[in-house]
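Structure first, commentary second.
Laboratory data are not the source of any read-out in this text; all were calculated from the coordinates shown. These numbers come from a predicted model, not from an experiment. Glycine gets a Cβ as well: all are built from the backbone with ideal geometry, and neighbour counts include every protein chain shown.
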Amino acid sequence: EEEASKLHIVMLPWLAMGHLLPFFELSKRLALKGFEISFFSTPSNIQRLPSIPQTITPYINFISCSINNITSNIENTVDLRSEAARPLLFQAYATFENHLTALLSDASRPKPDWIIYDYAAASWAPALASRFNVNSVFFCLFNAAAVNFLSHAKDYDSPEKLTTVPDSIPFPTTVAFRPFEARQIYSMLSQKSNQTEPKTHSSQFTLIRTCKEFESKWMDLLGDIYTPVGLLPPSFDKEEESETLTRICEWLDEQKESSVIYVAFGSEAILTRQQIDEIALGLEKSGSPFFWVLRVDSPPQGFEERTVGRGLVWMGWAPQARLLAHRAVGGFLTHGGWNSVVEGLVVGVPMVVLPMVFEQGLNARHLVESGYAVEVARNDEDGSFSGEEIARKLRIVMVEEEGEELRKKARKGKEVFGSEKLQEDYLDELVKKLWEQRKMVAVPV
Ligand code: UDP
């Protein structure tokens, strides 16, 4: 049998942007190493991805999956964040299986060496892969702390147990989740039988998006099965210029260095009217310039008039990772989604965390303990918070003496987490593993 000169990898990311982007980043980086990538997604998702440098275009093949226009219509008809969208998303994702079967059966193309899949929603992937004698590997998009914690959580029989950290876990504070978060997670975990873990994980190892430099103790606890791919700092195509980017940068260019608060809560959280009002109040009272990505909601009445000239409210999608790197941005008010956290860490922006759902509370505590963030204090039972409290935390991070250590720590963090050398080291390890183990096809369990 002839030895392949490059590996062919299939990428099967879940449909949400927070999953698509890290898979895309890994794809780009592997393509730069000469791998061939078949990247599966829906037509509209593929359209929303950032552009790729011309040097690697020949190596990334987008496989656009839609049936009966399900995927192209979803975005216009339902709020993708809503529960109503879930069955549609699952249905769309399931169509990937047909497309992948076609690709695996196509004798005219080199068969993939690896299938890298996401999330329990692709539980069919390992079986399909092994049917065609192809390796599969699960790519976990949580950090090590979350995986450790949530793998315990599935055995819990009451939400209270989620509030404290098990003894085996190296977390100085004893709070894992606050009571209101614990209840939410508990009900999610019992609804979707442990989607945080690959159900049928047949592969020799599992990829995880993190690095020892961020959470060495948590990674030790995970053991050898988990192979870190590094934080995958978003890389940009220098040529990319979108109208959106230009318009926002025009505004940011006018602002003083490190003076602006970037405000965003990810792609999946749905904020209540009251939460939006408190956040608005916090921004107003903080006194700092701000850029607030509100996407589909609207700011409170009169807010934009009162803050005119000082802030920009952005209704729609913004190129977040790119904007956080702008010299004018000096702080990040975030929900603590792992993507957003990584994007903040790699550019050295200190954070104020206001977690919304799922593992974000744990991320917040993790960041506070490591000295990269402060967290908005809230009512333990109902999760409510005040605009005053937001303003107080924002002032610490942006201007006050008290926040000097935090700002320094964030800048130092950038040198480590934003280092291309570090990322390359992780990638080289991964590349080695993908080559070495490409012929050891495992059987699904
Ligand atoms: N994002 C973006 N523009 C937006 C909203 C989100 O670029 O207007 C990106 C953000 O940079 C991050 C991802 O979408 O990469 C959101 O992932 P995260 O884990 O932070 O939150 P989630 O959406 O999963 O709650």
Open item on the list: If neighbour count is taken as other Cβ atoms inside 10 Å, put 372, 59 in order from fewest to most.
Closed with: 59, 372
- [ ] Quick one: give the max-minus-min coordinate of the C-alpha atoms of the chain along each principal axis, largest first, in Å.
- [x] 68, 50, 44
Open item on the list: For the chain, give me the percentage of DSSP beta bridges that are antiparallel, rounded to the nearest 5 percent.
Closed with: 0
Open item on the list: For a quick check: with amide H placed at 1.01 Å from N, whose amide H comes under 5 Å from residue 137's, ignoring anything fewer than 5 positions away on the same chain?
Closed with: 115, 116, 117
Open item on the list: If packing is taken as the average count of other Cβ atoms within 10 Å, what order do 100-106, 26-32 fall into, highest mean first?
Closed with: 26-32, 100-106
Open item on the list: Test of understanding: ordering 426, 117 by Cβ neighbours within 10 Å, fewest first, what list do you get?
Closed with: 426, 117
TODO: Can you tell me the relative contact order of the chain? Whole percent, Cα pairs under 8 Å, sequence separation 6 or more.
DONE: 16
Open item on the list: Applying a 10 Å radius around every beta-carbon, put 409-421, 232-244 in order of their mean neighbour count, most first.
Closed with: 409-421, 232-244
- [ ] Could you work out how far helix 387-398 tilts from the main Cα principal axis of the chain, as a 0 to 90 degree angle to the nearest 10?
- [x] 80
- [ ] Return the calculated 222 nm mean residue ellipticity for the chain, to the nearest 500 deg cm²/dmol, obtained by summing -39500 (n - 2.57) across DSSP H runs with n ≥ 4 and dividing by the residue count.
- [x] -13000 deg cm²/dmol
- [ ] Can you tell me the FRET efficiency between residue 155 and residue 216 if r is taken as the Cβ-Cβ distance and R0 is 25 Å, rounded to the nearest 0.05?
- [x] 0.45
TODO: Return the lysines within reach of residue 439: Cα separation strictly under 23 angstrom, same-chain partners fewer than 8 residues apart disregarded; answer none if there are no such residues.
DONE: 6, 33, 111, 199
Open item on the list: Filter 238/414; 256/412; 154/408; 154/433; 409/433 down to the pairs with a C-alpha to C-alpha distance above 28 Å, please.
Closed with: 154/408; 154/433; 409/433
Task: Computed FRET value (nearest 0.05) for residue 168 with residue 370, which takes r as the C-beta separation and R₀ as 25 Å - done: 0.80
Open item on the list: As a footprinting exposure proxy, order 173, 210 by other Cβ within 10 Å, with the fewest listed first.
Closed with: 173, 210
